[in-house]
Amino acid sequence: MVAAEVRAGAGQPEGTSPAKGKVLLVAGTHGNELNAPWLFDAWQRDPSRRPACDLELVLAIGNPAARAAGRRYLERDLNRSFDPDRLADAGSRELEVDRARQLLADHGPAGADPCLVAFDLHSTTASMGNSLVVYGQRPADLALAAGLQGRLGLPIYLHEADAVQTGYLVERWPCGLVIEVGPVPQGVVQPAILQQTRLALEAALAVLMEARAGQLQLPRQLVLHHHLCSLDLPRHGDGAPRGVIHPRRQGRDWQPLHPGDPLFLSEAGETLAYDPPAGLGLDPVWPVFINEAA
């Protein structure tokens, strides 16, 4: 995926109070991302290991069936299953859609044990570092992300207006964002990823506590990387890849890519340069989720 860097003023948000009510922490939305679920297991065995805060936390494994199978999902990506129309369609009975309904029935804002804020904890095979993903431009989400960026300097990927990719979990809660940490192989737990996940979560909870106390001070400027499009590998007519990510681009998430820069390497060893898709112009873009295994 490629994004454009956008800088916007932040300042103190008006009318946003995302810290009231319980906070939902979701791990294992993708069953082969094991680091956040590993933390949850440790906290369940020893609650004293949980992040120290005076907020009421609710922990949930997003897709326990996929986790047991060691797969991203079984029938449908759970993190694309929260589209309201799909949820309302009685004929949509995929396992993940039913799981989305259950999570909302249990912990949605109108659920049996309601939460008003949701953090969806992910890991990635891409070199994203410790980063945030925000879906749309709800003020509470942006205020939360700005507070985190001010504390830890985390890059923010703003994803919206993509008809191909919809139905994300955090969109169904009044306030929420994704914490994304990588690189780490699928199905592997690494201490550095655990530490980065916990660090970002602790900072996010601290931001919520400050907001609840009316003490949240946001940075003067919020730096967003706005979703522009998704770029596929070059392919043959039958759909088979005819190239791979160029070694000079691999692992360079969040780094600018200019027209003419190496992007792919063909089967014959030929460098294929970045040629901007129609409408993007000649400005640099910032690729993210480069060569993501999913």
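Residue-wise test of (1) under 17 Å from LEU59 (Cβ atoms); (2) assigned by TED's automatic domain parsing to the domain that holds GLN250; (3) touching a Lys or Arg at 6+ places or on another chain (Cβ under 6 Å); (4) in contact (Cβ under 8 Å) with a residue 40 or more places away in the chain.
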position	(1), (2), (3), (4)
SER92	no, no, yes, no
GLU96	no, no, yes, no
GLN102	yes, no, no, no
PRO109	no, no, no, yes
ASP113	yes, no, no, yes
VAL117	yes, no, no, yes
LEU121	yes, no, no, yes
SER127	no, no, no, yes
VAL134	no, no, no, yes
(message) Here's a check for you: in the stretch 13-39, which residue that is at pLDDT 90 or above and of a type in the set (S, T, N, Q) is surrounded by the most Cβ atoms within 10 Å (Cβ to Cβ)?
(response) THR29
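Return yes or no: is ARG99 more than 16 Å from the chain's Cα centre (by Cα), among the charged types (D, E, K, R) and surrounded by fewer than 20 Cβ atoms within 10 Å (Cβ to Cβ)? Even if it seems obvious, please write down each step before you answer.
Values: more than 16 Å from the chain's Cα centre (by Cα): yes; among the charged types (D, E, K, R): yes; surrounded by fewer than 20 Cβ atoms within 10 Å (Cβ to Cβ): no.
So ARG99 does not fit the description; no.
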(message) Residue under question is PRO174, and the condition is that it be in contact with a Ser or Thr (Cβ under 6 Å, 6 or more places away or on another chain), at pLDDT 95 or above and in the same structural domain as PRO37 (by TED's automatic domain parsing); does it hold?
(response) no
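Across the stretch 66-83, which residue is nearest to LEU169 (Cα to Cα) among those that are in a helix (DSSP H, G or I) and touching a residue at least 40 places away in the same chain (Cβ under 8 Å)? If you could, list the steps in order and put the result at the bottom.
Here is the first cut: in the stretch 66-83, the ones in a helix (DSSP H, G or I) are 66-69, 78-80.
Remaining after also requiring touching a residue at least 40 places away in the same chain (Cβ under 8 Å): 78-80.
Details: LEU78: 8, ASN79: 6, ARG80: 7 Å.
Checking each candidate, the answer is ASN79.
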(request) Tell me, yes or no, whether the stretch 99-116 has at least one residue that is assigned to a strand (DSSP E or B) and not charged (D, E, K, R). (result) yes
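So which residues in the stretch 136-171 are among the hydroxyl-bearing types (Ser, Thr, Tyr), assigned to a loop (DSSP other than H, G, I, E, B) and modelled with pLDDT of 95 or more, if there are any at all? Can you show your working first?
As a first pass, look at the stretch 136-171 and keep what is among the hydroxyl-bearing types (Ser, Thr, Tyr): 157, 166, 168.
Checking which are assigned to a loop (DSSP other than H, G, I, E, B) leaves us with 166, 168.
Within the stretch 136-171, just TYR168 meets the criteria.
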(message) For the condition more than 18 Å from VAL134 (Cα to Cα) and at pLDDT below 95, what is the one hit in ALA10, ALA3, ALA42, ALA52?
(response) ALA52
(message) Looking at the stretch 269-286, I want the residues that are more than 18 Å from TRP254 (Cβ to Cβ) and have a partner that is in a loop (DSSP other than H, G, I, E, B) and among the small types (Gly, Ala, Ser) with Cβ atoms under 8 Å, at least 6 apart or on another chain. Which pairs are those?
(response) ALA273/GLY260
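The values are calculated or read from the model by the stated rules, or taken from the named source; none is laboratory data. If you're wondering where the values come from, they're calculated on a predicted model, not measured in any experiment. Ideal geometry is used to build each Cβ from the backbone, glycine not excepted, and the neighbour counts take in all protein chains shown.
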